[in-house]
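The block underneath contains the structure these notes are about, expressed in structure tokens.
The values are calculated or read from the model by the stated rules, or taken from the named source; none is laboratory data. Keep in mind the model is a prediction, meaning the values are calculated, not measured. Positions of Cβ are generated from backbone atoms using ideal geometry, with glycine treated the same way; all protein chains shown enter the neighbour counts.
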2 protein chains.
Amino acid sequence: MKTDVEISQEAKMTSITAIAKKLGIKDEELEQYGNYKAKVNFDPSAPRTDGKLILVTSINPTAAGEGKTTVTIGLGDAFTELHKKVALALREPSLGPVMGMKGGATGGGYAQVIPMEDINLHFTGDFHALTEAHNTLSALIDNHIQHGNELNLDPRQVTWKRVMDVNDRELRQIVVGLGGRTSGVPRQDGFDITVASELMAILCLSNSLSDLKNRISRILIGYTYDRKPVYVSDLHVQGALTLLLKDAIKPNLVQTLEHTPAFIHGGPFANIAHGCNSILATKAALAYGDYAITEAGFGSDLGAEKFMDIVAPRLKKTPDCVVVVATVRALKLNGGADKHDLNTENLSALKKGIVNLKRHVEGMQQYGKPVIVAVNKFATDSDDELTYLLNYVRNDLKVTGEIINSWAQGGKAGVELARKVITACDQPADFHELYNHEESTVLEKMQAIVTRIYGGDNIELSHKAQLALKRIEKMGYGHLPVCMAKTQYSFTDNAKQLGAPDNFTIHVSDLQLKLGAGFIVALTGKILTMPGLPSHPAALDMDIDENGRITGLF
Amino acid sequence: MKTDVEISQEAKMTSITAIAKKLGIKDEELEQYGNYKAKVNFDPSAPRTDGKLILVTSINPTAAGEGKTTVTIGLGDAFTELHKKVALALREPSLGPVMGMKGGATGGGYAQVIPMEDINLHFTGDFHALTEAHNTLSALIDNHIQHGNELNLDPRQVTWKRVMDVNDRELRQIVVGLGGRTSGVPRQDGFDITVASELMAILCLSNSLSDLKNRISRILIGYTYDRKPVYVSDLHVQGALTLLLKDAIKPNLVQTLEHTPAFIHGGPFANIAHGCNSILATKAALAYGDYAITEAGFGSDLGAEKFMDIVAPRLKKTPDCVVVVATVRALKLNGGADKHDLNTENLSALKKGIVNLKRHVEGMQQYGKPVIVAVNKFATDSDDELTYLLNYVRNDLKVTGEIINSWAQGGKAGVELARKVITACDQPADFHELYNHEESTVLEKMQAIVTRIYGGDNIELSHKAQLALKRIEKMGYGHLPVCMAKTQYSFTDNAKQLGAPDNFTIHVSDLQLKLGAGFIVALTGKILTMPGLPSHPAALDMDIDENGRITGLF
């Protein structure tokens, strides 16, 4: 069987200029990065007719792999198969995890975006630009303290950490500024992974270059000795930081194996950030395509909830249809099956684990838009398992369910699903807010997410989180939406609680004010904002020969 | 008067495909990055006739600015003016200093490489790729220690630091790995600026992708508890790191304001590293052009010495002519003039400071190739000053000297200089090694550089350096060339000693083994491998408006 990288390398790519032309992108709007990647100088203010928006989400991810990106890409290719004008809007992969765990973020099998090596490595440099801008701000903050500290910034209360697009646990907690008078001021600090940077969220939520600059101005970087907030605008460096992101803000265009256009832009993780690709890329997909298919990170409890509650109000558009991806294997794992024994038929585990899918579907249904279940077929699924799953979806959940097999067969194996999605998009449906965005308190918002999406009972704030909440409300920011940072593996804040647990409490350890992004991050459980590498990192098996041929990259 | 960025923005650029065509670069060898930048898939193994090589260097840099890059670019445009097939080979600017001090690394006035904003910012992402690869190795090292430490690596003896392309003094000396059992092993560490990374030197000295991988394998990352060396090859990650540099190794092509092709690739600083652009870019310039003009960093005591003693043997080609850039202003500063009073005629300061030029010229003459002095004219230079300087060069130093005024007038104001350079290139001349590369000891090599290039008497090794030397010789690496890390402002290791001091000693504080690069770095004086930002960083004055128009970037 061919590996993903082999399939990708054998693909006949169409030139990116031809892909752009197909979408109606003008020559002067296109900046090529080699022959198969481009940035698009998309003007979101130009009046256009918006296409239909399809949001793809999934059950909780497991070690079995759900293939949400694979389904999204396969669905896009199925639209192409049906001669629909479609564009994908996906997130860019982060390099840190690429070196850690095997498994790409560019789909798999015969449903991939290409050139996959480039997309998975440096791509067009957006994440590096974010890393550079983020750490430039860090240096400017410490430099201000070093040179007289006119703003009276308290080194113990600097909230702006540093970032790197590397899985490096060694940098989670560090002490900087050692070495004496000329080498800075000693203080505690730490690195997050770049995707967790507030600048990443800002880039993804900005509607224009000036929106980007305004948001950067508003970033809270810390507090003075007398506990007054200090913003980027106080340092006067929003211009320089925006300058560093002038190209990163432009959506990137690539293609799938079947030449469906794909905008790949921005990549916050959904467990530690808001988990959706950029608003500009989604707008570009909506403007150039009759159908825009986007994907939100991890399960619907994370990325999709944030898409609905944080992104949609800024995009000024809600999905016309929500697709929840499920697999027999992952549901069996959720039902207690051994992860080394997923190739064997196990109906009882499937029946037990299916509650996970139920809760995801019902969570999404609360937003009022049509929900469809896409069953991503694996070769090892038995007919009985697939039949049980589809029947459960159709008869018990009473929603549309279809199998998609694009991993093995590309777009043509997703045509039935695509037809159902097209029908759903034409269904009139009102969007329902999960909570009142104007009037709910921070606690009420968290409570709504925990009870209505996670299926839990309560939230419990640590002493630190309580103090943070008090300060946030005193500062007048209680109206902002909440971005939950939570493990992706469970509805609860404990990664080991699979299925659909009941009667649980979500533990909030801290609340962080992200004024540039325009939300409050609630850190729950033991969530880490800097991952580590495993004992056998994927990097050990990668290679490139003298002709540039790559092996071991998925 | 227009600023550099204004002149650059008003320039009518030729498409990079047309520039490439002019040089005879084939379509399939070109990877566009937008319309005005490209990477060239240059095959250095293809047999071609090499052009003539011209090396541009200068006197010691001062606060007055010498304009070495401006002269290099102006000289290239003068060759174009004379209808010669010429290509430049320059270094890429580092982003860290761009945010700190005003002053670009892309020339100035009417002698610039463009698009200057892009080149000065992220360009084609090479430095970011190096940063990523460097820090990925750091993470893999600490991850190895965390997961059982099979290699028995001593955390106190890890010599591989981390890097960032930001001027951030706060990161010079840090403690990492705090936070308990799951967050790494506590140890001392620090960040260098990316241009000081051994990977930067390796990229610039590699002749092919497999040479790059072999060099990476050989990198020394630290020692075991029983003091045995540990290499990248012991970690088995040379493939992954090379993969991360697969595009960075390809030379970048841009143009000057007058459409002279310029390869801009690699950018080690000459004070803390070897200070020359990549061998592949220089080879590309030599292969595609009849004349290749390259530039080495800072004064001839740093970049040019390293070009002759480290680069040339690996390039397998020595310069056909050396151009030493001097200015009236900088020589006056070297002669004791006040830096705020350089616009006034001051012949006595000029006469006193001219010894600096003398030593640079005589240093370069020892290599046996023709040396020419280029006087970079400033509007404030008086006729008497210029006449004195030219007469001194011609009559006392007995070398060719010409004025170049390309900053104000572009290539046509460098034509006389270009003619002299062309004549010099046709002069038969043998290259003389500064020291015997096969047989000299480490001390003898340093002694040769100090006495014959710097004009000093002695070297003195700290206790730490003596121990390091003993270990290097015991390990069998005493045959490697030495890369001096020294202040650029003086022939001595004290930045304040201008002119041409006599009877001084160079103090070596440490010797570092860079086995991938293939040299030993000698740290002298108080040289820092991570710069800081000034009290008013240039970043504070930069801006970009809603249409993407940039201000304050030079």
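Quick check: anything in the range A:161-177 assigned to a helix (DSSP H, G or I), facing chain B (nearest Cβ under 8 Å), on the phi < 0 side of the Ramachandran plot and not basic (Lys, Arg)? Yes; the residues of the range A:161-177 include at least one that is assigned to a helix (DSSP H, G or I), facing chain B (nearest Cβ under 8 Å), on the phi < 0 side of the Ramachandran plot and not basic (Lys, Arg). Against the list (1) within 14 Å of chain B (Cβ to nearest Cβ); (2) farther than 16 Å from A:Glu460 by Cα, the condition A:Lys526 fails is (2). Pairing residues of the range A:224-240 that are under 24 Å from B:Ala538 (Cα atoms) and not assigned by TED's automatic domain parsing to the domain that holds A:His144 with residues that are surrounded by fewer than 17 Cβ atoms within 10 Å (Cβ to Cβ) and β-branched (Val, Ile, Thr), at Cβ distances under 7 Å and at least 6 apart in sequence or on separate chains, gives no pairs at all.
A single entry from B:Asp43, B:Asp118 fulfils the requirement of being in a loop (DSSP other than H, G, I, E, B) and over 15 Å from the mean Cα position of the chain (by Cα): B:Asp43.
All of (1) within 27 Å of B:Leu82 (Cα to Cα); (2) basic (Lys, Arg); (3) assigned by TED's automatic domain parsing to the domain that holds B:Lys161 hold for B:Lys283 with one exception: (3). Of all residues in the range A:539-550, those being under 17 Å from A:Thr106 (Cβ atoms) and more than 8 Å from chain B (Cβ to nearest Cβ) number 0. Taking the criterion of being closer than 30 Å to B:Val176 by Cα and surrounded by fewer than 21 Cβ atoms within 10 Å (Cβ to Cβ), the residues of the range A:530-554 that qualify are A:Pro534, A:Ser535, A:His536, A:Ala538, A:Leu540, A:Asp541, A:Asp543. Looking at (1) more than 29 Å from the chain's Cα centre (by Cα); (2) crowded, with 22+ Cβ neighbours inside 10 Å, find the lone condition where B:Thr131 falls short. Result: B:Thr131 passes all but (1). Within the range A:20-27, is there a residue that is surrounded by 21 or more Cβ atoms within 10 Å (Cβ to Cβ), touching a residue at least 24 places away in the same chain (Cβ under 8 Å) and within 25 Å of the chain's Cα centre (by Cα)? Yes, the range A:20-27 contains at least one residue that is surrounded by 21 or more Cβ atoms within 10 Å (Cβ to Cβ), touching a residue at least 24 places away in the same chain (Cβ under 8 Å) and within 25 Å of the chain's Cα centre (by Cα).
Under the condition of being aliphatic (A, V, I, L, M), within 8 Å of chain B (Cβ to nearest Cβ) and more than 20 Å from A:Gln146 (Cβ to Cβ), the residues counted in the range A:220-250 number 2. Name the residue that is surrounded by the fewest Cβ atoms within 10 Å (Cβ to Cβ), counting only residues in the range A:198-213 that are among the polar types (S, T, N, Q) and either away from every other protein chain (no Cβ under 14 Å) or not in a helix (DSSP H, G or I) (or both). In this case the residue turns out to be A:Ser208. Look at the range A:69-81: where a residue is farther than 9 Å from A:Val415 by Cα and a partner is modelled with pLDDT under 95 and among the aliphatic types (A, V, I, L, M), sitting 6+ places away or on another chain with Cβ atoms under 9 Å, you get A:Thr69/A:Ala105. In the range A:536-551 there is no residue that is among the hydroxyl-bearing types (Ser, Thr, Tyr) and closer than 30 Å to A:Leu357 by Cβ.
Of the numbered conditions (1) more than 14 Å from chain A (Cβ to nearest Cβ); (2) of a type in the set (Gly, Ala, Ser); (3) in contact (Cβ under 8 Å) with a residue 60 or more places away in the chain, B:Gly532 satisfies every one except a single condition; which is it? Answer for B:Gly532: the failing condition is (1). Looking only at residues of the range B:176-209 that are hydrophobic (A, V, I, L, M, F, W, C) and within 16 Å of B:Leu140 (Cβ to Cβ), we find that the one that is nearest to the chain's Cα centre (by Cα) is B:Leu199. Is the range A:380-401 home to any residue that is within 22 Å of the chain's Cα centre (by Cα) and in the same structural domain as A:Gly74 (by TED's automatic domain parsing)? No, because not a single residue in the range A:380-401 is within 22 Å of the chain's Cα centre (by Cα) and in the same structural domain as A:Gly74 (by TED's automatic domain parsing).
Against the definition (touching a Cys at 6+ places or on another chain (Cβ under 9 Å), under 23 Å from B:Ala270 (Cβ atoms), of a type outside the set (A, V, I, L, M, F, W, C) and crowded, with 24+ Cβ neighbours inside 10 Å), how does B:Glu295 come out, yes or no? Against the criterion (touching a Cys at 6+ places or on another chain (Cβ under 9 Å), under 23 Å from B:Ala270 (Cβ atoms), of a type outside the set (A, V, I, L, M, F, W, C) and crowded, with 24+ Cβ neighbours inside 10 Å), B:Glu295 qualifies.
If you filter the range A:499-523 down to residues that are surrounded by fewer than 21 Cβ atoms within 10 Å (Cβ to Cβ) and touching an Asp or Glu at 6+ places or on another chain (Cβ under 7 Å), you find that the one that is farthest from the other protein chains (Cβ to nearest Cβ) is A:Asn503.
Among the residues here, A:Lys250 qualifies as of a type in the set (D, E, K, R) and touching a strand residue (DSSP E or B) at 6+ places or on another chain (Cβ under 6 Å). Number of residues in the range A:45-85 that are out of contact with any Gly (no Cβ under 8 Å at 6 or more places or on another chain), over 30 Å from A:Ala337 (Cβ atoms) and surrounded by fewer than 17 Cβ atoms within 10 Å (Cβ to Cβ) equals 8.
Kindly evaluate A:Gly267 against the criterion of being out of contact with any strand residue (DSSP E or B) (no Cβ under 7 Å at 6 or more places or on another chain) and under 15 Å from A:Thr72 (Cβ atoms). The answer is yes for A:Gly267. Report yes if B:Lys317 is among the basic types (Lys, Arg) and in contact with a Leu (Cβ under 9 Å, 6 or more places away or on another chain), otherwise no. So B:Lys317 passes the test. What residue, among those in the range B:448-477 that are touching a strand residue (DSSP E or B) at 6+ places or on another chain (Cβ under 9 Å) and among the small types (Gly, Ala, Ser), is surrounded by the most Cβ atoms within 10 Å (Cβ to Cβ)? Among residues in the range B:448-477 that are touching a strand residue (DSSP E or B) at 6+ places or on another chain (Cβ under 9 Å) and among the small types (Gly, Ala, Ser), the one surrounded by the most Cβ atoms within 10 Å (Cβ to Cβ) is B:Ala468. Residues considered: B:Asp341, B:Asp309, B:Asp301. Of these, the only one that is within 23 Å of B:Tyr489 (Cβ to Cβ), of a type in the set (Asp, Glu) and surrounded by fewer than 24 Cβ atoms within 10 Å (Cβ to Cβ) is B:Asp341. For the range A:502-533, the set of residues classified as assigned to a loop (DSSP other than H, G, I, E, B) and within 30 Å of A:Ile216 (Cα to Cα) consists of A:Leu515, A:Gly516, A:Ala517, A:Gly518, A:Gly525, A:Lys526, A:Ile527, A:Leu528, A:Thr529, A:Met530, A:Pro531, A:Gly532, listed by residue number. Looking at A:Gly107, A:Gly103, A:Gly125, A:Gly96, just one residue is within 15 Å of B:Thr124 (Cα to Cα) and either in contact with a helix residue (DSSP H, G or I) (Cβ under 9 Å, 6 or more places away or on another chain) or at pLDDT below 95 (or both), and that residue is A:Gly125. Here's a check for you: in the range B:214-244, which residue that is assigned to a strand (DSSP E or B) and farther than 15 Å from B:Glu198 by Cβ is nearest to the chain's Cα centre (by Cα)? By that ranking, first place goes to B:Tyr223.
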